[in-house]
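Notes follow once the structure below has been shown.
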Amino acid sequence: MLRFDPFNDLDAVTRGLLSSQTGSTRIPRFMPMDLCKIDDHYLLTADLPGVDPGSVDVNVDNGTLTISAHRTARSEESVQWLANERFFGTYRRQLSLGEGVDTSAISATYENGVLTVTIPLAERARPRKIDVAHSASQKSIRPTTVDSG
């Protein structure tokens with residue numbers, strides 16, 4: 001009899017993510033980010049604490065926004081680690097952009113460990129009010145009686 005335990009697989013994945021690797025060979029697992037829409041643009045904020053601002057790269061290619069950054073490991077060889085939980089290495093995140101984004105006007109800033117990317121909507125994708133045309137002469141509807149006889 002074959003037994004299937006989906007929680008066993010989930011436990012294995014969790015152990016892999018939370019394993020206690022030490023030293024500078026640890027690689028980043030994720031780049032936490034928030035994405036929201038405000039009026040006529042999207043706002044993406046990503047946490048990148050301790051990242052060298054010169055290593056942050058944001059680019060758009062064929063409808064895909066790519067964010068990458070690098071945090072360097074401590075290079076002192078005489079260090080005896082007591083705790084080493086921070087990830088070092090290259091962070092990378094990709095997002096598919098929709099048709100209604102103005103890719104030529106995307107801008108980004110990096111301050112206090114937070115990357116902020118402003119992604120404006122294209123003019124054609126912005127909400128707008130549509131005027132309803134009507135004729136100048138309006139006709140009244142008059143009730144008519146029908147003989148039931």
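The values are calculated or read from the model by the stated rules, or taken from the named source; none is laboratory data. Since the model is a prediction, treat every value here as computed from it, not as a measurement. In this analysis, Cβ positions are derived from the backbone assuming ideal geometry, glycine residues included, and neighbour counts consider all displayed protein chains. We work out accessible area using only protein heavy atoms, side chains counted, and drop any ligands, DNA or RNA first. Shrake-Rupley method; radii C 1.70, N 1.55, O 1.52, S 1.80 Å.
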For the pair Leu35/Gln80, report the inter-label distance in nm, with labels modelled 7 Å from Cα in the Cβ direction. 4.7 nm
Whole number in Å², please: accessible area per residue of region 58-141, 1.4 Å probe, ligands, DNA and RNA not counted. 78 Å²
Label point distance in nm, Asn59-Ala73, each placed 7 Å from Cα along Cα→Cβ: 2.6 nm
